[in-house]
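First the structure, in the form of structure tokens, and then the observations on it.
FYI, it's all coordinate maths here, none of it is from the lab. Every value quoted in this text rests on a predicted model; they were computed, and no experiment measured them. Cβ placement follows ideal geometry from the backbone for every residue including glycine, while neighbour counts extend to all protein chains displayed.
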Amino acid sequence: MFQKPSFFKPIHTTHISLMEAVLVAMSTKEDDLCSLTTDKLSYDLTTMTSDVEIVTSGNRRIPAHSGVLAAASPVLMNIIKKPVKRYRGCGSKRVIKILGVPCDAVSVFIEFLYSSSLTEDEMERYGIHLLALSHVYMVPELKQRCSKGVVQRLTTENVVDVLQLARLCDAPDVCLRSMRLIHSQFKNVEATEGWKFLQEHDPFLELDVLQFIDDAESRKKRRRRHRKEQDLYMQLSEAMECIEHICTQGCTLVGPSNVVGNNNNKSTMVAEKSKPCKAFSTCYGLQLLIRHFAVCKKRSNDKGCLRCKRMLQLFRLHSSVCDQPETCRVPLCRQFKKRGEQDKKMGADTKWKLLVTRVVTAKAMSSLCQSKKNKCEEEAEHLIKTKELARFVD
């Protein structure tokens, strides 16, 4: 496998075998052909006398320079500082073995140490192997680029292998994206050979994946429930505004119109026209409830009326959020306000307090969003007028 210096944090033996198994499973038959191909390194320093030879799995020997390798990788620097071991046929050159990955991937790795360049085709073919090499030999720039490249090329077929290697290579971003892909396409991933290998050889990682999926589903349910609650609070906030609108101004579409008398003091009344209500559906429903509440005869019975009880709750909620009870024209506002003061002395209901707080918060957020929306609309209108004026001047 990879040659590791003494100061480099060792990887556990089982992890090394697992990393090598993943790399071998993902590599093609390039190792069989690498001894027949020629080196493709294009950096100019190869014209100088090299003092290091990199030996790959296919027994390919890549010439390199100790100064360049030591400057690019602290792990290689530590290897180079060790005493030279003589090998037959190598002369006085130092030999560094990089095994366990395709020899072409090693060539690309060495070329990156010289030129810091990596093509898309090289990333497509050797990205997973370069990620392992960049981790073992501590090349952070290459590791960052490989992490992005590997994430962009994740599929249901290779995601389990990438996840295993990413955990060994300490690449949390790759792990997270792999987990998310497994969660979103678990049925397809479950049918792959990689998942079956994971179940047989790494049950702890399988447990982590299943726990991640369970947590993700729980978070999704909580977000959905929270969204429904926020929608409910926004609807109640809108209902409070509509109640004030109906009881103070009236609504020309569904409620009593503002009435103006003529100069002759006759009984003839003229409805004042105004713009349609913005929250028509909510306003219309509340208007019907108010009309029913005014004429309902079951309200005084023992069983009571469900619609009247709902209207009373809305009146009570309005009274809890109203800050001007003395001048408010909403029915029962002052009565509920006095009753609320008595409940405070006796200890008010905690759930009702929480409901009032959240409705007030929703009302404030709605006002803030509306003000931002109006500001954006004003800026857009100003920009349009400016452009029209500039066009007219030209």
Ordering of 210-219, 72-81 by packing [mean C-beta count within 10 Å, highest first]: 72-81, 210-219
Footprinting exposure proxy for Leu332, Leu118, Leu133 (fewest neighbouring C-beta atoms within 10 Å first): Leu332, Leu118, Leu133
Sorted by Cβ density within 10 Å, fewest first, the residues Ile290, Ile243: Ile290, Ile243
Per-residue Cβ neighbour rank within 10 angstrom, fewest leading, His245, His201: His201, His245
Under 5 Å, built H, 5+ apart or other chain: amide partners of Leu99: Phe2, Gln3
